[in-house]
Amino acid sequence: MTGEGDELSTRWCRVLEYGFFLLWVLTIAAGGIFSYVSMTAATVTTSGFRTTTTAVFPEPIASISGWLLIALPLYGVLYHMIAAVGLYADASTLQAADIEWHPLPILYALGGLALSGLVVLPYLRKRYEYFPPDSSSPFWFPIVMFCVGGGLLALVGFAIGGLDVTATLVLLGLGPPLALAVYHDSRRMNARTAWHPNPITYFTSILFTTVLLAGPYVIGGYYIYKRRDVV
């Protein structure tokens, strides 16, 4: 690391981050509703020799699903443009800084336009290697503890009860807030301790292992263990 996070403007960095967080929230919401719908019971109507199965969708769920079907693809397209502009602007700022990394603005802009988050996340991870992020609220760590504790309890229930729907939904539901809480708390650790966990590394590790059910809570537990050594 060759600099501090406040040496350069982080405006476009925040645009990239929180723009991706919104995309992620919309995606998680759509996935959560899909999981809910697929796990709920269906109404079976038998008439003579015909059996009709009709899924039961409560009115709020149906309404939210309709809005998500519109919002998610529209914002997904919009974020490609946000990523391109944000990457170009932020990389241009870094080009003028006295650091060993010299990202090519036009190259990252084209990558962001084509792949959006798949380029934004590695870029932010690399950026934090040179510019540690600033501090964050101390209230994120209790959320980390709550999510990890709840996830571990759900894993025990999952192991005892087998493929239990409630335990599965808890494990899938606590993963996303755990990723966000660890992201913010690791920013605080970067700013206030000698330990420099990369927020994007932890965020993406938890985010992409949510489908494995146990993954986020293993990583979250490891984060808590490492944090204990420096606080």
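Each value in this text was obtained by applying a stated rule to the coordinates, not by laboratory testing. Remember, it's a predicted structure, so these values are computed and weren't measured experimentally. Glycine gets a Cβ as well: all are built from the backbone with ideal geometry, and neighbour counts include every protein chain shown.
Would you mind calculating the gained length between Leu153 and His80 on full extension (0.36 nm times residue separation, minus the Cα-Cα distance), in nm to one decimal?
Full extension of this stretch gives 22.4 nm more.
Which FRET efficiency, nearest 0.05, do Ala194 and Ala114 yield, Cβ-Cβ r, R0 30 Å?
0.20
Which of Tyr128, Thr210, Ile160 sits closest to the plus end of the dipole of region 77-231, meaning its Cα is farthest towards the positive end, when Lys and Arg get +1 and Asp and Glu get -1 on the C-beta?
Value computed over the given set: Ile160.
So for each of 217-230, 95-108, 78-91 I average, over its residues, the number of other beta carbons within 10 Å; can you give me the resulting order with the highest mean first?
78-91, 217-230, 95-108
At a threshold of 8 angstrom on Cα-Cα distance, excluding pairs fewer than six apart, so keeping six or more, what relative contact order does region 134-190 reach in percent?
60 percent
If packing is taken as the mean number of other Cβ atoms within 10 Å per residue, what is the order of 169-178, 17-26, highest first?
Put in order of decreasing packing, that is 169-178, 17-26.
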